[in-house]
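Participant: Below is one structure. I have some questions about it.
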Amino acid sequence: MVYSPRKAYVVGVGSTKFDKPRGLRDYPELGLEASVKALLDAGLTYDQVETAAVGYVYGDSTCGQRVLYQLGMTSIPIVNMNNNCSTGSSAFVSAVNSVASGQVDCALALGFEKMSPGSLKSHWDDRTPPLLGTHMQLTEIEESKQYFVKQKGPGAAIIFAAAGLEHQERYGSKPEHLFKISFKNHKHSAKNPYSQFRFTPSPEEVGAARKITRELTLPMCSPTSDGAACAIVVSEDFVKKYGLEDRAVEVAGVGVATDSPKLYETRSRIELAGTDMGRKAAAQAYKQAGITANDVQVLECHDCFAPNELITYEALGLCPEGKAHELVDAGDNTYGGKYVVNPSGGLESKGHPLGATGLGMVFYMTLQARGEAGPLQVPNVRNALTHNVGLGGSCIVTVLRKADFYKKGSTSKDRLGYDFAAEVREITQKDLDKVRSKEYSNYIPPALAKL
């Protein structure tokens, strides 16, 4: 017998504002806000959630329980996970698989992060770092090139900066193409109330800004951020049982990949940035969704640094190999072009709270697929894509689109009381009471009950 998975649908999404780490809000508050908003968007209570996958990179072992117990101690499985920068998408895939396998009919995927200011760094100095091989080979390549100016800066930034430099050397792209990508993302974020940054530097100002690495300036780099995002994933039977046809966005394709031997065998800085994972994950997602890259209208791409967006255009098949800079010059990465890439502003401008990043992408692309993205809306969206990568071996690509049985009805504005694509509000006690478990909320530990 051939196993045929069920289809899974997103019926509720929620997000906090992604903000500069300042210690103003703790992760239980951030995670709760995103979860409550997603449940409100779906018109459900926590009683209907049968399992939860929770992603975060910086935190103790059961932070997911600490957050979700505020909605009720319902005894459901809560699985915590860490997969570097793709942690949020990993939680989403876990929820999708729980539904697609028939294990449950309603799953919650949550990602959050409370980060330290400044560039990323490991909290561990007594064990081998996961990216040791990548940095060792990158050092060898750099030394063999005998560049006049040696590379310096944060480790992740150096890896992606080197990938961008190789693209210039091999294919003729210029630093100005990276300036244009950064400019485009910051321009998009000006209309995004959830974005950490909303200033709009010109390409020239991007190029003249403070250097972070030999090739990258500050606006070309994603900032550390605090934030949370959440999605409710359900089966078709669940959609129809609860009349959620006006919320249902199909998870049409999912691709999950780790590194191939190309990571080291090719001695390529582009491959050291995990590009082959993107190729393989995209191919899986397209095949499952029955589409090609040409059928995508809008996508959230993992632009942790501007060069990664450039090389990802090629990995995702948005253009032929070596032609990414031509896509930039043609304006085919923004409104009015063939694709709109990172309408949210991307990681460079929207922010990058690691555990929340992938689910933040699902948040934006779900709204795009529904036609509820407000000032960020792309016309005539049929297929929306997310691309989330974690160095060290994780890349996830998803394709989202309206369900075949989608029908107009209530909107997110109707469910939350305001247009949450155009405005950010924190949740109220009334919001929490509306979605908190009705069966298991009689006992809420006092320390968990306070917003």
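Participant: Given the criterion open to solvent by 10 Å² or more (accessible area, probe 1.4 Å) and either at pLDDT 95 or above or in contact with a helix residue (DSSP H, G or I) (Cβ under 9 Å, 6 or more places away or on another chain) (or both), identify the matching residue among Gly358, Gly371.
Facilitator: Within the list Gly358, Gly371, the selection yields Gly371.
Participant: Looking at Val328, is it touching a helix residue (DSSP H, G or I) at 6+ places or on another chain (Cβ under 8 Å) and closer than 18 Å to Ser89 by Cα?
Facilitator: Spelling it out, it is not the case that Val328 is touching a helix residue (DSSP H, G or I) at 6+ places or on another chain (Cβ under 8 Å) and closer than 18 Å to Ser89 by Cα.
Participant: Being open to solvent by 10 Å² or more (accessible area, probe 1.4 Å) and either among the hydroxyl-bearing types (Ser, Thr, Tyr) or touching a His at 6+ places or on another chain (Cβ under 7 Å) (or both) is the filter here, so list the residues in the stretch 183-236 that pass it.
Facilitator: Residues satisfying the conditions are Phe197, Phe199, Thr200, Pro201, Ser202, Pro219, Ser222, Pro223, Thr224.
Participant: Determine whether the stretch 279-287 contains at least one residue that is out of contact with any strand residue (DSSP E or B) (no Cβ under 6 Å at 6 or more places or on another chain), outside any helix (DSSP H, G or I) and touching a residue at least 60 places away in the same chain (Cβ under 8 Å).
Facilitator: No, the stretch 279-287 contains no residue that is out of contact with any strand residue (DSSP E or B) (no Cβ under 6 Å at 6 or more places or on another chain), outside any helix (DSSP H, G or I) and touching a residue at least 60 places away in the same chain (Cβ under 8 Å).
Participant: Name the pairs: first residue in the stretch 288-314 and of a type in the set (S, T, N, Q), second residue modelled with pLDDT of 95 or more, Cβ to Cβ under 6 Å, at least 6 apart or on different chains?
Facilitator: From the stretch 288-314, the pairs are Gln288/Gly253; Thr292/Tyr286; Gln297/Val378; Gln297/Val381; Asn308/Phe160; Thr312/Gly278; Thr312/Cys301.
Participant: For the stretch 41-149, which fully contained strands (runs of 3 or more DSSP E) count at least 1 residues that are among the polar types (S, T, N, Q) and touching a Ser or Thr at 6+ places or on another chain (Cβ under 6 Å)?
Facilitator: Filter on the stretch 41-149 gives 51-55.
Participant: How about the stretch 388-405: which of its residues are touching a strand residue (DSSP E or B) at 6+ places or on another chain (Cβ under 8 Å) and under 19 Å from Val233 (Cβ atoms)?
Facilitator: Asn388, Ile396, Val397, Thr398, Val399, Leu400, Arg401, Lys402, Ala403, Asp404
Participant: Restricting to the stretch 84-95, what's the tally of residues that are open to solvent by 10 Å² or more (accessible area, probe 1.4 Å) and either within 12 Å of Val362 (Cβ to Cβ) or touching a helix residue (DSSP H, G or I) at 6+ places or on another chain (Cβ under 9 Å) (or both)?
Facilitator: Result for the stretch 84-95: 4.
Participant: Among (1) surrounded by fewer than 24 Cβ atoms within 10 Å (Cβ to Cβ); (2) in a loop (DSSP other than H, G, I, E, B), which single condition is Arg247 missing?
Facilitator: Only one criterion is unmet by Arg247, namely (1).
Participant: I need the full set of residues from the stretch 407-422 which are open to solvent by 30 Å² or more (accessible area, probe 1.4 Å) and either at pLDDT 95 or above or not in a loop (DSSP other than H, G, I, E, B) (or both), in order please.
Facilitator: Lys413, Asp414, Arg415
The values are calculated or read from the model by the stated rules, or taken from the named source; none is laboratory data. Owing to the predicted nature of the structure, the values given are computational and were not obtained by experimental measurement. Neighbour counts run over all protein chains shown; Cβ positions are idealised from the backbone, glycine included. To get the accessible areas, we keep the full protein, side chains included, count just its heavy atoms, and leave off ligands, DNA and RNA. Shrake-Rupley method; radii C 1.70, N 1.55, O 1.52, S 1.80 Å.
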